Every structure is written in C-alpha cells, then in structure tokens.
Amino acid sequence: MEPLIKNICCIGAGYVGGPTMAVIADNCPQIKINVVDVNEDRINAWNSEDLSRLPIYEPGLNEIIKRTRSKNLFFSCDIKSAIKSAEMVFISVNTPTKKKGIGAGEASDLKYVEACARQVAKYASGHTIVIEKSTLPVRTAEVIKSILEEYQVYSANNNIDVTFDVLSNPEFLSEGSAIDDLEKPDRVLIGGQNDFAIEALSQIYSNWVPKSKILHTNIWSSELAKLTSNAFLAQRVSSINAIGALCEATGANVKEVARAIGTDSRIGSRFLDSGPGFGGSCFKKDILNLVYLSRHFGLNEVANFWEVVVSLNNWHQHRISKLVVKNLFGTVTGKKICILGFAFKANTNDTRESAAINICKDLIEEGAVLFIHDPKVNPDQIAKDLSTEESKNIKNKEYENLSSHEGSWCFEQNIYDAANNADAVIILTEWEQYVNINWDQVSKRMRQPAWVFDSRSIIRSKDVLNANLKLWKVGDGTN
Ligand code: NAD
Ligand code: UGA
C-alpha cells in the first residue's frame, strides 16, 4: 500500500523524540524522518560516530540507531527545512512544571509547545498533520489549533496553500525499557477527529503494532488518559511505599504483602515494588498538572486526593534519609557514606526527580561525605542535581581527613573502592550489578559497625548479615 505519509519531522530530540522516531524509522523504511532540536550539543551527540556517546542510554537503542541513522533517520538543528518538507510534525518537547506566574508549582509550562506551534505555522507548506506527542494538559490541542488556524486564515488571504490538522498521540514508554515498550506497546492512543489524519497516523503504527491495539478517542479523552495513566501508576507506588512503612513498623514484609495483593487478578502484580519513592520527569509533573486542572474546574476534593500521592512520595524520601542518620548513632557529620545508584531507575542515565537527589541532599546537609557510584550517570549531571561541585580532592585521603570534607561528595567508579572506610552503603537504584555485590569483601573494607540500607530491596539479606553488616531493607520489618 502506498504510504500516506513519506516525510516526518519530530521537534524535540529527547527521551521521547529520539527513541520513538528511531523505532518508527526502523519499522517504516519508506518514511524519511528528521528529528530536530534547538540544543546543538544534543543533536551532535545523536550524530556521534561512537554510539556509546548518544545523549540517552536505553537498552537496544544503539543497534536501532546504527541501522537507521543517515538512512531514513536524521538528526539536525535545521528546524525550518525539516518542518517545510514534512507532511506530519510530531511535537515532543518538554513540558515542565511552571516555576512562576499563574499555576506556579503545579500547571505545565506550555511555552515550548507554543513555540513549536508557532514554528510549524511559520514554516509549514501544504497540508501538515501536527501530532501532540508531549504530555499536555487537557485542551492544549485547542491552543495549538488556534495558533495554526490563525495562520491558516492569513495564508488563505494571501493565497498561500497551508492547512493543518491536530491529533493527540501521547507516549506511554517507560525509560529503561523504551525500545521494548515502543516495539510492543500495550496500546497506541490516537485522539482527534479528522479521518484522513487519523488514518495516516494509524497506518504508520500498523507497520508493527496490531490494529486491535490502536485506540481512537476524542482529543480530550486522549490528553486526559495520558495524565491519568501516570497518576494511577504513581498512586500505586505511593500506596505500596505507605504500606512498606507500616510493614517496617509491624514486622511484616512488603514484598510478601505485595505478592499477596498482586495475585488478585483485579489488582495485578506490576508497580507494587516498594522503593525510595518514585522519580522521573513525569509522574510528579503530571500529577501536579492534574491537581491544577481539578482545582481549576472547582473539584477541590479531586485535587486533594491526587496531591497526597506526591506528598507521600516526598515524605517517604525524607523518611529514608532520616532513618539512615538515626541508625548511624544520630549523626553522619564527617562520616563516609557510599551511595550506589543515582539514576531514577535502572537502565537509564536520566536523573530527573531521582529520589537520590533528595536523599543525597539531606545527607550532605547533615554533613556526610558521599562517595557516589552509578554505571551510567555522568558526574557533571550529579553536580547539577546536587547544586554543588564534586570535591575531587576527597579521594585518596585517609579516613581521618574526611572530617574536613563535611557535607561534600565525589564520584567513584569502583563500587568496592567507594565502600572503603565507609560507615554505610545505601542502594538507591536497582542496577543489576548491585544485586551480586560480594558483601564479605565490602564488609572488610568498611568501618565497623557498618550498615547497608537497601532502598530497592534487591540484595540477599543472608549474604549481608553473614558478612557481619547491619541491614535495613525498605518495607521489611522482619530484621
Ligand atoms: P526532554 O527534555 O528529554 O526532550 C525535549 C527536547 O525538546 C529537548 O532536547 C529540548 O531542547 C527540545 N526543545 C524544546 N523546545 C524546543 C523547540 N521550540 N524547538 C526545538 N526543540 C525544542 O523531554 P522528554 O523526556 O523527551 O519528554 C518530552 C515530552 O514527552 C514531555 O511532555 C513528557 O512529559 C513526555 N513524555 C516523556 C516520557 C519519558 O519517559 N521521558 C514518556 C512519555 C511522555
Ligand atoms: C512512566 C510511565 O511508566 C510511562 O508509562 C510514561 O510514559 C512515563 O512515565 C512518562 O509519561 O514519562 P518512567 O517515569 O520512565 O515511566 O518510569 P517508571 O517505570 O514508571 O518508573 C517511575 C518511578 O517509579 C521510578 O523512580 C521507579 O523506580 C518507581 N517505581 C516504579 C517504583 O518505585 N516501584 C514500582 O513498582 C515501579
């Protein structure tokens, strides 16, 4: 069948734009895709010869980039010509929480989306289908539409042949499993009215997604479904973390409780892992957006209900830092603490809203000296997140000298070196390589009595306890 769309532009080469377009390019060799971004460094990184330097780490992504880049997938900063030649434009830019003005701290900042709509209006030619891929507040399509329509009227008056359709097509990928999620999505959601636009987008996905999984809704349902899917998932994490705290207090084990709950097929077993609190760029932002929307429509009880999901998450993260301090005899000042994992989850280099940020900041505030390890996160990113430079001169110093480095941190590439003379090891990300740590070796290097705090509950208790280490595991009241 002749493809309805042969040329796509994606604005935003981030965690969504990059992997999503790579998977479309891989499954639709007949379509040419230009991914564009204002961030030149990011575009250069997408174009780097050395695939380990791509701006995003996702299992399976390198292989797809190798197959598609410079064949039918291109990364550039030339936004104008990419829009001009495209029949379909995906908007995949960031939609952070507003920092100031009306709705500050809750509503999404739509300035990047609006800028995209204006760019599309300015540079498009012929008929262009605009796809909202970013996660947006309900009724944002209206904003995009009105900007485009305004231009359409101007174009008609000036004999310029430009027309637009807008669809909502939210993305449901999770970082760390983005390629799998994109290859085998539970569903693809397309919200909109125009039959041709819907058919054109459905045709692209049907190159690899079964038709039964491509759902059509109205545009507002699609926008709301995306926000509420994230809210439901985050709500499960807050629920299980709340129960975890209760387990610790009562001698129960949250893993056993979660297993018992999750085997009820009405509840299901996924998203019931207690951890250090949810992170990532979207859960908090999208729930706050939902809270803002609910308040805007006078639904205060609805807003309060969802707000608690976020406040419980904040409480839980600070609860973990407090219990570390309490167990280390009430003070961590000048003590060395080894932090394992800084990414917000395993298999990604993304640290946005990572629980590690709050927990590390709390411990630094208490005067601890943190030695941080993560297999994929760059130390420069950690410095940005912690708002303090790395104190590289801590390394190689004798333990006794650490007191002069109170409230600082450094990056350590070797897990065992990071544990040298430490009073505690805290696991914050569930990286596979932390599961099989040799706790005997770690214990010999630590200052006794030494603690292991496992906020992901991934290590074998027996191995840690046999190595003469004290252990706290999230949600486990059985020790
Ligand atoms: P990101 O910050 O990684 O990438 C966004 C990119 O857009 C940046 O590189 C930025 O430079 C670029 N950009 C911003 N304004 C631009 C403009 N006017 N022209 C060109 N480029 C511009 O963000 P992300 O994680 O990819 O998220 C994008 C959207 O997708 C958000 O709305 C998010 O909520 C949603 N989403 C994210 C995920 C995820 O797992 N990260 C999953 C589903 C949905
Ligand atoms: C989440 C959703 O899962 C995606 O469907 C959605 O597309 C995306 O948000 C988005 O809109 O950005 P993501 O944030 O990448 O994906 O990662 P998740 O796997 O959802 O994890 C979020 C946080 O919850 C992580 O910190 C993770 O460690 C934590 N989590 C998750 C738990 O603590 N326990 C669990 O059982 C599951």
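Counting other Cβ atoms within 10 Å of each Cβ, which trypsin sites (Lys or Arg not before Pro) in the range 185-282 have at most 16 and sit in a DSSP loop? Those satisfying the criteria are Arg187, Arg266, Arg270.
Could you tell me the center-to-center distance, by alpha carbons, between the range 285-302 and the range 303-364 in angstrom? Going from one Cα centre to the other spans 26 Å.
Summing +1 for each Lys or Arg and -1 for each Asp or Glu among the other residues whose beta-carbon sits under 10 angstrom from that of Ser457 gives -1. Using the average count of surrounding beta-carbon atoms within 10 Å as a protection proxy, the listed peptides 297-303, 354-360, 60-66 rank, highest first, as 354-360, 60-66, 297-303.
Two numbers describe the Cα atoms of the range 112-270: Rg and Dmax, which are 20.9, 75 Å.
I'd like the carbon and sulfur percentage of the solvent accessible area for the range 376-461, probe radius 1.4 Å, heavy atoms only, ligands and nucleic acids excluded. With neighbouring chains kept in place, the figure for the range 376-461 is 39 percent. Solvent-accessible surface of the range 53-151, taken per residue with a 1.4 Å probe and all protein chains present: 45 Å². Under the membrane-span-like helix rule (DSSP H runs whose alpha carbons stretch at least 30 Å along the helix axis, mean Kyte-Doolittle hydropathy 0.0 or higher), the chain yields 219-250.
Rounded to whole Å, give me the distance from the Cα center of the range 111-145 to that of the range 29-105. A separation of 16 Å, based on Cα centres. Once both labels are positioned 7 Å from their Cα atoms along Cα-to-Cβ, the gap between Ser461 and Ala156 label points is 7.0 nm.
Solvent-accessible area of the range 264-363 (1.4 angstrom probe, protein heavy atoms only): carbon and sulfur portion equals 56 percent. The amide H of Asp454, built 1.01 Å from its N in the peptide plane, has Ile427, Trp472, Lys473, Val474 as neighbours under 5 Å, considering only residues 5 or more places off or on other chains. Only Cα sites of the range 364-479 enter the Debye sum here, all with the same form factor; the resulting log10 I(q)/I(0) across q = 0.10, 0.14 1/Å is -0.30, -0.60, listed in q order. Sorted largest first, the principal axis extents computed over the alpha-carbon atoms of the range 15-160 equal 46, 43, 24 Å.
Solvent-accessible surface of the range 398-445, averaged per residue with a 1.4 angstrom probe and all protein chains in place: 46 square angstrom. Measuring nothing but protein heavy atoms, the accessible surface of the range 57-178 at 1.4 Å probe radius is 50 percent carbon and sulfur. Please work out the average accessible area per residue across the range 281-382, using the 1.4 Å probe convention, and give it in Å². On a per-residue basis, 39 Å².
Counting only Cα atoms, the range 163-239 measures 45, 26, 22 Å along its principal axes, largest extent leading.
The values are calculated or read from the model by the stated rules, or taken from the named source; none is laboratory data. Quick caveat, the model's predicted, so the values are computed rather than measured. FYI the Cβ positions are ideal-geometry reconstructions off the backbone, even for glycines, and counts take in every protein chain you see. Side chains included, ligands, DNA and RNA excluded: accessible areas come from the protein's heavy atoms. Shrake-Rupley method; radii C 1.70, N 1.55, O 1.52, S 1.80 Å.
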